[in-house]
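The values are calculated or read from the model by the stated rules, or taken from the named source; none is laboratory data. Note that the structure is a prediction, hence the values are computed from the model and not measured. Every residue, glycine as well, gets a Cβ built from its backbone with ideal geometry; the counts of neighbours run over all protein chains shown. Note: accessible area is taken over every heavy atom of the protein model, side chains too, but ligands, DNA and RNA are not part of it. Shrake-Rupley method; radii C 1.70, N 1.55, O 1.52, S 1.80 Å.
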Amino acid sequence: MMLGDFETAWRVSDVVLAWRRHATLNCRDQPFHLRHVWNGAPLEGRHVLVRCYHGLGDTVQFIRYMPMLHRIAASVTVQAVPALHDLLRAVSGIDRIVALDRNVPDPPFDADIELMELPHAFRTALATIPDEVPYLAVDAARIKAARRRMCDEPRLKVGIAWSVGGWDRQRAMPLAAFAPVAAIADVALFNLQRGPALAEIASPGHGVRFADDAASWTNDILDTAATIRTLDLVVSVDTMVAHLAGALGVPVWTMLHAGADWRWMTGRADSPWYPTMRLFRQTAPKDWESVITAIVARLRREPAFSVSPYRRAISLPADASAVNSIRADAAFDGRHRSRTGPRRPRDREWQTCPARALTRLAHVNSLALPRRHRTALTRDRKSDCIDSKNTD
């Protein structure tokens, strides 16, 4: 799977699954994240219970499978931690959401599966990853409140997250590592960090100053999502914030440690899961300095601010990874509100609906995108087009 050969991985998983049917599934004496649930039975026509046993970011990433599952199942019930319920209610294909709690009995079902087992159940390949974004939504009132908190910040609005939960602390970095980013005059940093790592902000000497007021910082996931929707860019370690930005279709640069897991694969600067995401990888364990250096260089690079994405995309090839690179760059460039000079009238369309402009670009320059990607591009950022008319 690190090589992107999902088909071979599923054949191996089939063998494991055949053995596992004789073992105990969903063993109650194991932690949730170690449990296997699916027994390989068909899901068609069944009342399916989807158990979200892994982390918040995992749930955000793989909840994209709900519309596919709903098309074949009689009904779909999602069992998730209560903190995610409000966010998941906007996801298409979910009939019911129940709490993931050892003290709460399961609802009725006749087939169950762990959320991260769905790619196996659907025999997902690189070419068939459901990659249309956004597949999460935030209500307009929250977005409007988040925009008010921005106070018309004229600089590039960049949200950051630097720490992770208790599992695999190699993914985390110190807040002080962001000091070179904070030193860029045209960049305003906004805090997206949640949980205990917020205490680092009170420590002296980290060299990071935030443009937003501490009173606006929240652990509420919907408020965090609303803030992300108002930003030009998110820069995050491999945690829920990165997945949330990707699922909302917001430009996000994800910083990966040297031992990143299978979903990020190897040798890629883009992600087939999130069209607006770029990956920045450690070249050696604990080497966050080189990652931040690459990010600072990209932020300072003149074309990222002033070169039209129309011109920059002309020479790129039309394979799926290149399309994702175009979309990631274009989403970032489209959200940057440069104050360095007048904008051509056509560039305003890039601000209000980058997907429409990019689709026209693909047609004009004969990129010959596959139909699946053309459809995704026309839907990409559609919610931003709506918001620009109804919520500003």
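Data for the structure
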item: Every pair of residues 6+ apart whose Cβ atoms lie under 7 Å, when the first sits in the range 261-275 and is without any contact (Cβ under 8 Å) to a residue 40 or more places away in the chain while the second is open to solvent by less than 10 Å² (accessible area, probe 1.4 Å) and among the hydroxyl-bearing types (Ser, Thr, Tyr); result: Trp264/Ser271
item: Failed criterion for Ala179 (all others in (1) surrounded by 15 or more Cβ atoms within 10 Å (Cβ to Cβ); (2) at pLDDT 95 or above; (3) out of contact with any Leu (no Cβ under 7 Å at 6 or more places or on another chain); (4) closer than 24 Å to Phe6 by Cβ hold); result: (4)
item: Residue check, Trp217 modelled with pLDDT of 95 or more and of a type in the set (Phe, Trp, Tyr); result: no
item: Pair list, Cβ under 8 Å, 6 or more apart: the range 115-139 residue surrounded by 19 or more Cβ atoms within 10 Å (Cβ to Cβ), other residue among the acidic types (Asp, Glu) and part of a helix (DSSP H, G or I); result: Leu115/Asp58; Met116/Asp58
item: Checklist (1) among the small types (Gly, Ala, Ser); (2) within 29 Å of Asp238 (Cβ to Cβ); (3) in contact (Cβ under 8 Å) with a residue 40 or more places away in the chain applied to Ala41, failing item; result: (2)
item: Wholly enclosed strands (runs of 3 or more DSSP E) of the range 170-275 bearing at least 3 residues under 19 Å from the mean Cα position of the chain (by Cα) and either of a type in the set (Phe, Trp, Tyr) or closer than 30 Å to Leu126 by Cα (or both); result: 233-237, 252-256
item: Lone qualifier among Val138, Val133, Val91 - being out of contact with any His (no Cβ under 6 Å at 6 or more places or on another chain) and closer than 29 Å to Ala214 by Cα; result: Val138
item: Residues (of a type outside the set (Ser, Thr, Tyr), farther than 26 Å from Ala83 by Cβ and not in a loop (DSSP other than H, G, I, E, B)) located in the range 122-153; result: Leu126, Ala127
item: Odd one out for Arg148 among (1) touching a residue at least 40 places away in the same chain (Cβ under 8 Å); (2) open to solvent by 30 Å² or more (accessible area, probe 1.4 Å); result: (1)
item: Of the criteria (1) in contact with a Pro (Cβ under 8 Å, 6 or more places away or on another chain); (2) open to solvent by 10 Å² or more (accessible area, probe 1.4 Å), which one Val208 fails; result: (1)
item: Condition check for Thr224: of a type in the set (S, T, N, Q), free of Cβ contacts under 8 Å to residues at least 40 places away in the same chain, open to solvent by less than 40 Å² (accessible area, probe 1.4 Å) and closer than 16 Å to Val133 by Cβ; result: no
